[in-house]
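Reading through the structure tokens given below for one structure.
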Amino acid sequence: MSPDTHHQSFNPALTQSRAPHVAIVGATGAVGVELLNCLESRDFPVASLKLLASPRSAGQKFSFRGQELVVEALDENSFNGVDLALFSAGSGVSKQYAPIAVKAGAVVVDNSSAFRMDPSVPLVVPEVNAGQIEGHAGIIANPNCVAIIATVPLQALHRRYSIRRIIASSYQAASGAGAAAMEELRASTAAWLEGKAYEPKVMRHPYAFNLFSHDSAVDPATGYNGEETKVVMEMRRILDAPELPVNITCIRVPVLRAHAISLTVEFAEPVTPEAARALLEGAPGVRVVDDVENNHFPMPNEATGQGDVLAGRIRRDISDASGKSLSLFVAGDQLLKGAALNAVQIAERIFRA
Ligand SMILES: NC(=O)c1ccc[n+]([C@@H]2O[C@H](COP(=O)([O-])OP(=O)(O)OC[C@H]3O[C@@H](n4cnc5c(N)ncnc54)[C@H](OP(=O)(O)O)[C@@H]3O)[C@@H](O)[C@H]2O)c1
């Protein structure tokens, strides 16, 4: 999409001056439901709220601030009168409908990967690069969940010590693949415990008591899957380090919700675990969980429902004698900070300024 398309009917003065009329596209999905919760729990100013999904779930009802809202089927007229459209219905839907929403005068915050690498679309984690929001021309992209959860703590270290290289492994929850994947984990685990057969419908492999390489396709040319490539490209964009060497292995684990990531990071200068811990303790959006005595470090079940990214296991990388490398382990609720919360935080910068 060209920048001109975004600029056509975007009117920032209009959208900032009053509580917006809001639409959630994909309101019935794993992220969509959390978008609704975040708007409510954060007391986001809302003049009216429209819930949109496919015709399959038109008529479903949700409650918002004590009012019953009925899901409508998305169509080309859905955005008339809408000031803010929060998209989380997959990249095909975003590619087709986000330009229509912008043309109708809405600001779009898009959770899909559709526009993340479009140079005219800011890719924003508010704790890291909120300044990019100003330059938007109608669409702002919410990054990949692993990229968000990694960059929130890394940014604090990058600002002070300048990151030179990242090697990571992710442990990704079922919720990252949507509501149907969460149901598959529940159902296949129940079947396994009852000794019954279970035929996977969403994942390619048995999910109960198993883990496997991320379900996105592997590019035979690079050996990296789609998720890994997204994380590498997006982390570079968010950290404004286009050449940063990043290597990640993305693994799907049988956790219902919240991703964890192991990070080994090389810096331009030596850094001690104590100095890194102190920086992370003061970093916005980060909570240090690093209790060595009790072996208590970030865990998905403690990250679930939390807005902060948990960071711990902060230690020297003993394979690098220069003292310039650290390892750490982080966990974050990717339905919240990795998706819905981050999107609402972006919208707050525009409509609550
Ligand atoms: N899950 C995560 O942690 C996460 C994190 C970051 C970004 N994202 C992105 O957010 C988006 C949604 O993910 P999700 O996990 O919430 O998926 P999900 O649980 O499968 O939900 C998908 C939503 O999209 C709607 N939808 C599907 N096709 C549609 C169509 N043709 N027209 C209108 N609505 C349609 C669905 O409505 P119906 O109920 O009618 O089918 C549902 O509301 C994806 O782009 C995903 O990549 C997800």
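What follows is calculated from the coordinates using simple rules that are stated; it is not laboratory data. Only a predicted model underlies this, so the values are computations on that prediction, with no experimental measurement involved. Counting neighbours? That spans all protein chains shown, and the Cβs are built from the backbone with ideal geometry, glycine included.
How high is the FRET efficiency between Arg18 and Ala130 when r is their beta carbon distance and R₀ equals 30 Å, given to the nearest 0.05?
Efficiency, from the Cβ-Cβ distance: 0.85.
Name the residue, out of Ser112, Ser325, Ser48, whose mean-square fluctuation peaks in a Gaussian network model built on the chain with Cα pairs under 10 Å.
Ser48
At 7 Å along the Cα-to-beta-carbon direction for both Phe212 and Ser162, put a label point, then send me their distance in nm to one decimal.
4.4
How many percent of DSSP beta bridges within the chain run antiparallel, rounded to 5?
Once the DSSP bridges in the chain are tallied, antiparallel ones form about 50 percent.
Would you mind computing, in nm to one decimal, how far apart the modelled labels at Glu281 and Thr222 are, each placed 7 Å from Cα along Cα→Cβ?
Going by the 7 Å Cα→Cβ label model, 3.9 nm.
Can you tell me the equivalent ellipsoid semi-axes for the chain? Use √(5λ) from the Cα gyration tensor, largest first, whole Å.
Working through the eigenvalues yields semi-axes of 33, 26, 19 Å.
Can you tell which of Leu35, Leu84, Leu211 shows the greatest fluctuation in a Gaussian network model of the chain with Cα springs below 10 Å?
Of Leu35, Leu84, Leu211, the most mobile in the Gaussian network model is Leu211.
About its Cα centre, what dipole magnitude does the chain give when the only charges are +1 on Lys and Arg Cβ and -1 on Asp and Glu Cβ, stated in debye to the nearest 20?
For this selection, approximately 80 debye.
Starting at the first residue of segment 281-291, write each ³J(HN,Hα) from the Karplus equation 6.51 cos²θ - 1.76 cosθ + 1.60 with θ = phi - 60°, in whole Hz, x for Gly and Pro.
5, x, 7, x, x, 10, 10, 7, 10, 9, 9
Could you give the length gained on full extension between Lys95 and Gln60, defined as 0.36 nm per residue of separation minus the Cα-Cα distance, in nm?
Gain on stretching Lys95 to Gln60: 10.1 nm.
Can you tally the net charge around Ala173? Count Lys and Arg as +1, Asp and Glu as -1, for every other residue whose Cβ sits under 15 Å from the Cβ of Ala173.
On the way: positive: Arg186, Arg252, Arg257, Lys337; negative: Glu34, Glu183, Glu184, Asp215, Glu227, Glu302, Asp333.
Here the charged neighbours net out to -3.
Per residue of segment 330-340, in order, report the coupling 6.51 cos²θ - 1.76 cosθ + 1.60 (Karplus, θ = phi - 60°) as ³J(HN,Hα) in whole Hz, putting x for Gly and Pro.
10, 9, x, 6, 6, 6, 9, 5, x, 7, 4
Residue separation times 0.36 nm, minus the C-alpha to C-alpha distance between Ala268 and Ala187: what's the value?
Roughly 24.4 nm would be gained on extension.
Between beta-carbons, use under 14 Å as the cut-off and find the net charge around Ser113, counting Lys and Arg +1, Asp and Glu -1.
So the environment of Ser113 carries a net charge of -1.
Do any of Lys95/Lys230; Lys103/Lys230; Lys50/Lys103 go past 21 Å between their Cα atoms, and which?
Lys103/Lys230, as the Cα separations exceed 21 Å there.
Which shape class, rounded, prolate or oblate, goes with segment 198-353 when its Cα gyration tensor gives a ≥ b ≥ c as root eigenvalues, a/c under 1.5 marks rounded, and past that a/b bigger than b/c marks prolate?
rounded
How charged is the neighbourhood of Glu184? Take every other residue with its Cβ under 13 Å from the Cβ of Glu184, and add Lys/Arg as +1 and Asp/Glu as -1.
Local charge sum for Glu184: +1.
Is any residue of segment 310-353 close enough, with backbone N under 16 Å, to a label point placed 7 angstrom from the Cα of Ile251 along the Cα-Cβ axis, and if so, which?
Backbone N within reach: 328-331.
Can you compute the helix-only [θ] at 222 nm over the chain? Use -39500 (n - 2.57) per DSSP H run of at least 4 residues, normalise by all residues, nearest 500 deg cm²/dmol.
-9000 deg cm²/dmol
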